[in-house]
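The values are calculated or read from the model by the stated rules, or taken from the named source; none is laboratory data. Remember, it's a predicted structure, so these values are computed and weren't measured experimentally. With ideal geometry, Cβ positions are generated from the backbone for all residues, glycine too; neighbour counts draw on all protein chains shown.
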Amino acid sequence: MEYESKLSDIIASLPEVVGGFLYAPDRGVYSNQTEGIANDNSLQQVSFKLTKIVSMISVHFQDTGGIRVSFRDLILFGTQIENEQWLFLLHQPSLSAGMIKMTVQMALNIDVADQPQTTIAQTVVDPSAEVQPNQDIMAILLADESELRESLIHIQEELAQYIGPVAELVFKDSVEIWAANNTPSSENIPELISMVAQEIDDEEDRKSFLDSHTSKEEE
Amino acid sequence: MATAKDFSRLGDIEGVSSYILVRNDGYVVSENYEEAVALASAIVTSGKYCDSLSEDLEGRRYIYCCVERTSGDNVLVFSLGRYYLGIIKHADCDPQQLADTIIGFLKGLS
């Protein structure tokens, strides 16, 4: 609750800040104060992706702090505040990185540059820890007794034919998002196939991938 | 059409500590970073995640992303179609200014 009011204070104090929200992996998006810029489901995806990026880069550089994504008319700034909670702000490009950092630091009474370092480093100091969340769900879904094992292995192998060595990583990430948003079941496999297909850039390859799975389902 | 040699000039840009150009299948096309192969998959996956953000944010077009580090040696990721460019910047360089310089360089190649 404390962070929710502080988020409101930050938004109110800087006219260039058009909104913000809070996120925690175990809680999802909360305190969405983006005034309709995006709904909770969209922000959930955004939060997941950005925290994942920081986590991946942390494997190589253990002093990672926040993340800033620049769009044509908007900047999305995220910083880890406490216990894997993240604060995200959407602001106009005219607002400098220094100003936004200082404002967050003052509002939360933390050093936003230093705060995330310890918590992120703790979770990713071992490179294998970076994929830990995936390993859990993947281990369950790929267990010998899992009814989805054969289907998932087949999808991943097929994906590798189109996008190469990164297929395993991409597939694990897709499965994690899929499992978070759907009940992992045979009925929901088409949803996963559709998500995985988006990772194939070439339109013809993507169509070929989708066609091959459609024909198998019909069989 | 730009070649890998053209991209090698990225290393000469003031503020660029290291760069890595990776194809979307993880193949490193050009780099001046000793850990490039290890970093490649993180750059590709980060770029793909950023590309997909436009779907979550009403079609907003992603330009680049910057992972901040306490050392100041931030990591920037640019999306170039089937390729992704990772830049590790010098600590004392302004990230926005460097991003603008990189964008100008990339436009000059196309």
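Somewhere in the range B:66-75, is a residue facing chain A (nearest Cβ under 7 Å), of a type in the set (Lys, Arg), exposed (fewer than 14 other Cβ atoms within 10 Å of the Cβ) and outside any helix (DSSP H, G or I)? No, that holds for no residue.
Selection of the range A:60-79 for residues being more than 7 Å from chain B (Cβ to nearest Cβ) and surrounded by 20 or more Cβ atoms within 10 Å (Cβ to Cβ) yields A:Ile75, A:Leu76, A:Phe77, A:Gly78, A:Thr79.
Before we move on, is A:Ser5 more than 7 Å from chain B (Cβ to nearest Cβ), part of a helix (DSSP H, G or I), small (Gly, Ala, Ser) and within 21 Å of A:Glu176 (Cβ to Cβ)? For A:Ser5, the condition - more than 7 Å from chain B (Cβ to nearest Cβ), part of a helix (DSSP H, G or I), small (Gly, Ala, Ser) and within 21 Å of A:Glu176 (Cβ to Cβ) - is not met. Filtered by the rule that a residue be modelled with pLDDT under 90 and farther than 12 Å from B:Leu85 by Cα, the range B:5-46 gives B:Lys5, B:Asp6, B:Asp25.
The set of residues in the range A:3-22 being closer than 14 Å to A:Ser47 by Cβ and touching an Asp or Glu at 6+ places or on another chain (Cβ under 9 Å) consists of A:Gly19, A:Phe21, A:Leu22.
Listed here are the residues, each with its yes/no results for (1) at pLDDT 85 or above; (2) touching an Asp or Glu at 6+ places or on another chain (Cβ under 8 Å); (3) in a strand (DSSP E or B).
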| residue | (1), (2), (3) |
| --- | --- |
| A:Phe77 | yes, no, yes |
| A:Ala143 | no, no, no |
| A:Leu159 | yes, yes, no |
| A:Ser174 | no, yes, no |
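Taking the conditions (1) surrounded by fewer than 19 Cβ atoms within 10 Å (Cβ to Cβ); (2) assigned to a loop (DSSP other than H, G, I, E, B); (3) modelled with pLDDT of 80 or more; (4) not aliphatic (A, V, I, L, M) in turn, A:Glu191 satisfies each one other than (2).
Between A:Ile53, A:Ile11, A:Ile37, the distinction of being more than 15 Å from the chain's Cα centre (by Cα), part of a helix (DSSP H, G or I) and not charged (D, E, K, R) belongs to A:Ile11 only.
Any idea which residue in the range B:11-33 is farthest from A:Tyr162 (Cα to Cα), counting only those that are over 10 Å from the mean Cα position of the chain (by Cα) and of a type in the set (A, V, I, L, M, F, W, C)? Across the range B:11-33, the extreme among qualifying residues is B:Ile13. Candidates in the range A:30-56 are the residues that are in contact (Cβ under 8 Å) with a residue 40 or more places away in the chain and within 7 Å of chain B (Cβ to nearest Cβ); of these, the one that is surrounded by the fewest Cβ atoms within 10 Å (Cβ to Cβ) is A:Lys52. The number of residues in the range B:95-110 that are surrounded by fewer than 20 Cβ atoms within 10 Å (Cβ to Cβ), modelled with pLDDT of 90 or more and farther than 26 Å from B:Asp25 by Cβ comes to 4. Scanning the range B:14-65 for residues that are over 20 Å from A:Arg68 (Cβ atoms), touching a residue at least 60 places away in the same chain (Cβ under 8 Å) and more than 7 Å from every other protein chain (Cβ to nearest Cβ) yields B:Glu14, B:Leu21, B:Val22, B:Arg23. In summary, A:Val18 fulfils each of the numbered conditions (1) closer than 21 Å to B:Pro95 by Cα; (2) not in a loop (DSSP other than H, G, I, E, B) with the single exception of condition (1).
Taking the condition in contact with a strand residue (DSSP E or B) (Cβ under 8 Å, 6 or more places away or on another chain), at pLDDT 80 or above and either in a loop (DSSP other than H, G, I, E, B) or more than 13 Å from every other protein chain (Cβ to nearest Cβ) (or both), does A:Ile100 pass? No.
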